[in-house]
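Could you have a look at this structure, given as structure tokens, before my questions?
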Amino acid sequence: MFVIGESSIREWKKNEMTIINIPKKKCALRKGVTKWPILEESVANWVLENRQNGLIVTRNSVRLFALKWSKKNANESKKFKATFSWCSHFTARNNLVLREKTKVSQMFPKDVDNKLISFLKYVIGLRKQKKYLLSHIGNMDETPVTFDMIGNKTIDMKGTKTIHIKTTGHEKSFILQ
């Protein structure tokens, strides 16, 4: 025998038409309403902007951005905690899913020439200052480290066919330290 509270029966009678029209695979009348709509709108815009620029967006980066935003706008997001479950519900509410990369393209830093010249000047200046001969310069520790470690997954809109990610093109290149 089932023991059902009167309040449950009253609630069912009140929502009778809604319950009848629920799709057969849906088990509950949960609503996807957020407590912090302004925060979620800002985070969703940030995710879409980063994805349009080909950048990887992880669940942790979404949570960190949401926490930073909530601290800046404390009056808009009181008691906000960027939990894993919040992130899962956020992605579902905004039609976002975790996707595997399908396309990788190269992107060099805007000031790559300036950085290279600066590094060369630093090494040459240090060599002259300490009066090292070229034959005295060597690499003693040979631990391989990748130049560019990109992730395989990113958050993107549901149904997107191509997941485009920009890199420097050195994800398989190593430097020996």
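How high is the FRET efficiency between F2 and M157 when r is their beta carbon distance and R₀ equals 41 Å, given to the nearest 0.05?
Numbers: r = 43 Å, r/R0 = 1.05.
The calculated FRET efficiency here is 0.45.
Hey, what do the phi angles of the stretch 13-28 turn into as Karplus ³J(HN,Hα) couplings, whole Hz, using 6.51/-1.76/1.60 and θ = phi - 60°, x for Gly and Pro?
Residue by residue, the stretch 13-28 yields 5, 5, 9, 3, 5, 5, 5, 5, 8, 5, x, 4, 8, 8, 9, 8 Hz.
Among 63-70, 109-116, how do they line up by average Cβ neighbours within 10 Å per residue, starting with the highest? The partial results should precede the final answer.
On the way: 63-70: 17.1, 109-116: 10.0.
Peptide ranking by packing, descending: 63-70, 109-116.
How much accessible surface area, in Å² rounded to 10, belongs to the heavy atoms of I137 with a 1.4 Å probe?
Only protein atoms counted, so the area is about 90 Å².
Based on the Cβ-Cβ distance of T83 and K26, what FRET efficiency does E = 1/(1 + (r/R0)^6) give at R0 = 25 Å, to the nearest 0.05? Present the calculation step by step, with values, prior to reporting the outcome.
Numbers: r = 24 Å, r/R0 = 0.97.
After rounding, the FRET efficiency stands at 0.55.
Moving to a separate point now. Quick one: Karplus J couplings for the stretch 65-72, per residue in order, coefficients 6.51, -1.76, 1.60, θ = phi - 60°, nearest Hz, x for Gly and Pro?
Residue by residue, the stretch 65-72 yields 4, 5, 5, 4, 4, 5, 6, 5 Hz.
Under 5 Å between amide hydrogens, which residues at least 5 positions from T167 or on another chain qualify, with H placed 1.01 Å from N in the peptide plane?
Under 5 Å from the amide H of T167: S105, Q106, M107.
Over the alpha-carbon set of the stretch 1-106, work out the extent along each principal axis and list the three values in angstrom, largest first.
Largest first, the stretch 1-106 extends 64, 38, 24 Å along its Cα principal axes.
The values are calculated or read from the model by the stated rules, or taken from the named source; none is laboratory data. Owing to the predicted nature of the structure, the values given are computational and were not obtained by experimental measurement. Backbone-built Cβ (ideal geometry, glycine too); neighbour counts: all protein chains shown. The area values use the complete protein model at the heavy-atom level, side chains included, leaving out ligands, DNA and RNA. Shrake-Rupley method; radii C 1.70, N 1.55, O 1.52, S 1.80 Å.
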